[in-house]
Every structure is written in structure tokens, then in C-alpha cells.
Amino acid sequence: MAERERNNRDRDRNDERDSEFVDRLVHINRVAKVVKGGRRFGFAALVVVGDQKGRVGYGHGKAREVPEAIRKATEAAKRALVRVPLKEGRTLHHDVAGRWGAGRVYVRAAPAGTGIIAGGPMRAVFETLGVQDVVAKSLGSSNPYNMIRATFSALANEDSPRSVAARRGLKVSALQSRRRDIDPEAAASAEG
């Protein structure tokens, strides 16, 4: 009896943990294998999962049926979650570029009220990540797998002021005061 209660409690806890995640189906690919009796169809699913608080992951699953492929992809995505630092919980700290194969992605921080300006697979990543204001542009390959991987490559390069300050051995306030002390005209003349 006690073991059954423990199993029910564990299942409820897993359901609560899973309910905090939002998943988006990005792409389904149908593939056919020609055999003696005709064609056998299989399905490959690409899913993005996130908690809308700065954690996001993607997964790929293959199966004979669509729901099973989606389930496998969702589980793979939950195992591969990464944390991305967000500025004010709504946008990125700075502009970044990402690349995977022939796919190139540029992601820019945006002021409040801009919304998510991104296409296809990138939009799914930002929605599940919890970003509310971002501008993104995809160049090169429009293959959803490459676009997702390029977006994750860009997000991996995202740094917060706290991590930069820790790496340099400074306080965040000292780092940001240095940034404010730089005169824009002096910086322009130093470059030119």
C-alpha cells in the first residue's frame, strides 16, 4: 500500500515538473522506406521545450507514428535544456550571431514593446525561452534543423553582466559604471 502511494506521489511530482514546460512542435518530416510489400512510412519530429523563464532545449525523435515521434523529441529536448541569461526577464543582454552549417542567425536585443520579430523555428525558440522583445534574422539555410541549431549556437554566446564581471574579477556596478564613463565622441575618434 505504501509503495503504491509513493509511486502515485512520484508520478504527481513528475507531472508538476512537466507542466512547467511549454513545448512547440517545429517540424515533422515523413520518410518512406520501399520494401517488398510497398512503402513503410516513418516520421521524424523536431520539438522545442522551455519553461519561459530562461531555460530552453530542442530534441529530435523518430518513430512509425507521429505522436510517438513527438513524445521522443519532447523527452530529448527536456534532457538537453540550457539556461540563457535574460535582461529584465524580457530580452537579451546584447546582440549575438550564430552559425550551424549553411545557416546563419543574427539575434538582437530590442526595447520593450517590440515583440518577437523572428521567423519560423526561431520564433518557437524565443517563445519557449520566455523572451518578449527580440529581433532576429536568418540568412542562408532555411532548413529548420540548421536554423534551430544556429539559434542555440547564438544563445550559447549570450553573456550576462554578472558572468562578465565574475570572469574579470570586478563588481557588476564597476563594470556598468565603466560603460557609462566612456564618452561616445571619444570612442568614435579613437576608432577613426
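The values are calculated or read from the model by the stated rules, or taken from the named source; none is laboratory data. Because the structure is predicted, anything quoted here is derived from the model rather than measured. Please note: Cβ atoms are built from the backbone with ideal geometry, for glycine as well, and neighbour counts cover all protein chains shown. SASA here: full protein model, heavy atoms, side chains in, ligands and nucleic acids out. Shrake-Rupley method; radii C 1.70, N 1.55, O 1.52, S 1.80 Å.
Values computed for the structure shown
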quantity	calculated
Unique match (being closer than 23 Å to Gly54 by Cβ and more than 16 Å from the chain's Cα centre (by Cα)) among Arg167, Arg149	Arg167
In the range 126-139, the residues that are surrounded by 20 or more Cβ atoms within 10 Å (Cβ to Cβ) and among the aliphatic types (A, V, I, L, M)	Leu129, Val131, Val134, Ala136
Asp23 modelled with pLDDT under 60 and either in contact with a strand residue (DSSP E or B) (Cβ under 8 Å, 6 or more places away or on another chain) or among the acidic types (Asp, Glu) (or both)	no
Boolean, Ser153 is modelled with pLDDT of 90 or more and not in a loop (DSSP other than H, G, I, E, B)	yes
Residue count for the range 33-81, restricted to those that are open to solvent by 60 Å² or more (accessible area, probe 1.4 Å) and hydrophobic (A, V, I, L, M, F, W, C)	2
Yes/no for Arg123 being within 15 Å of the chain's Cα centre (by Cα), surrounded by fewer than 20 Cβ atoms within 10 Å (Cβ to Cβ) and closer than 15 Å to Tyr58 by Cβ	yes
Any hit, the range 91-103, residues being open to solvent by 60 Å² or more (accessible area, probe 1.4 Å) and charged (D, E, K, R)	yes
Of all residues making up the range 41-98, the number that are aliphatic (A, V, I, L, M), part of a strand (DSSP E or B) and farther than 28 Å from Gly140 by Cα	1
Of all residues in the range 140-170 being open to solvent by 60 Å² or more (accessible area, probe 1.4 Å) and of a type outside the set (S, T, N, Q), the one that is nearest to Gly103 (Cα to Cα)	Gly140
Restricting the range 126-146 to residues that are within 15 Å of the chain's Cα centre (by Cα) and part of a loop (DSSP other than H, G, I, E, B), the residue that is nearest to Val47 (Cα to Cα)	Gly130
